[in-house]
1. Which is outside any strand (DSSP E or B), in contact with an Asp or Glu (Cβ under 8 Å, 6 or more places away or on another chain), surrounded by 21 or more Cβ atoms within 10 Å (Cβ to Cβ) and at pLDDT 95 or above, of Ala192, Ala188?
2. Select from segment 76-97 the residues that are outside any helix (DSSP H, G or I) and either at positive phi or without any contact (Cβ under 8 Å) to a residue 24 or more places away in the chain (or both) and write down the one among them that is surrounded by the fewest Cβ atoms within 10 Å (Cβ to Cβ).
3. Against the conditions (1) over 30 Å from Ala235 (Cα atoms); (2) at pLDDT 90 or above, where does Asn5 fall short? Just the number, please.
4. Select from segment 212-249 the residues that are among the charged types (D, E, K, R) and farther than 26 Å from Tyr270 by Cα and write down the one among them that is surrounded by the most Cβ atoms within 10 Å (Cβ to Cβ).
5. Just one of the numbered conditions (1) surrounded by fewer than 24 Cβ atoms within 10 Å (Cβ to Cβ); (2) in a helix (DSSP H, G or I) is not true of Ser166; which one?
6. Hey, among the residues in segment 213-234 that are assigned to a loop (DSSP other than H, G, I, E, B) and modelled with pLDDT under 95, which one's farthest from Gln162 (Cα to Cα)?
7. Could you list all residues from segment 312-331 that are among the β-branched types (Val, Ile, Thr) and part of a helix (DSSP H, G or I)?
8. What do you reckon, is Asp149 in contact (Cβ under 8 Å) with a residue 24 or more places away in the chain, of a type in the set (D, E, K, R), crowded, with 20+ Cβ neighbours inside 10 Å and closer than 30 Å to Leu195 by Cα?
Amino acid sequence: MKKSNLFKIISVILSMVILSGCAASGGTGGEAPAEEGERFVIGINQLAEHPALDAARDGFVEALEEAGVDVEVKYQNAQGDIPTSLAIAQGFVKDQVDLIYAIATPAAQSSKQATSDIPVLFSAVTDPVASGLVDSMESPGGNVTGASDATPMKEQLAMFKQLDPSFTKIGIIFNTSESNSEIQVERAKEFAQELGLEIVGVGISNINEIPQAVDSIINDIDGLYAITDNMVASAIAIVADKVNAAGIPSIAAEGSMVEGGLLISNGISYFELGKQAGEMARKILVDGMTPAEIPAEKAGTTTTVFNQQTLEQLGFDPDHEVFKGAEAVGQ
């Protein structure tokens, strides 16, 4: 055989190998679409246990079930401890799960710290950009994206003026070790200034400090605003009992706190937020998209709910404009 013919044959074979490799990789830098009947393993890293975060988990799982995605869920709860959250994420990486679903900002930050390869989806994160999780909402970059629980804070704070135009001082209790909470307090101060309100903030470092924190401001405030702080949410019944007994109206960033005893909220549904994240998981696992290709989202809708018993205890008129069209809970 002539050398020229041999070189031609070798060139053809090499070209076929290269083309075959490109086809197998999909040619986009993402994962290949899932094969029919493929089963996936998802690690759920939840920071703490309370109704809002539990709802975000339930909505996520339901969305995958509705989409017919076959998954094995490994659920672990850090019980509010950030080092434990990091250990959970590292365990999922060791187990080589297909995706990590991180619920709450510290859990998402721990998961991002643990891996740059495994896709990470978050929910219950107020500001993913400021928290260092994504480059931007539109173009997340890296291996992280998800659904933000940013609430209509300005509208919620404005409800205090609707309840009583003379209100000026609004209290906020927040966990000083959670960046998500500090971001919200700073944002609340900006909106409050526009509305003629003043924020009286009290920082706490553990759940046992909450009763004393409420007592320290209860005589100096006209109302209490409960942000989406996981530590405070875990003890919302204690907060509600104290402010209600003192005749202080409260507005919550999300509805489960109203079920726990606060007065009213025009907030998001964490269950629906979880479903949004579940749809993102389907795109990653089934369609082969990467987190970098999926813009981070905010909650699509809000719902106004009020606590019937708290309304009656505080003596508000149910026909007041703030409560019109709202759903009563806690009856």
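The values are calculated or read from the model by the stated rules, or taken from the named source; none is laboratory data. Small disclaimer: the values here were computed from a predicted structure and weren't measured. Note: ideal-geometry Cβ built from the backbone for every residue, glycine included; neighbour counts use all protein chains shown. The accessibility values were calculated without ligands, DNA or RNA, using every heavy atom of the protein model including side chains. Shrake-Rupley method; radii C 1.70, N 1.55, O 1.52, S 1.80 Å.
1. Every option except Ala192 fails the conditions.
2. Gln96
3. (2)
4. That would be Asp222.
5. (2)
6. Asp229
7. Val322
8. Yes.
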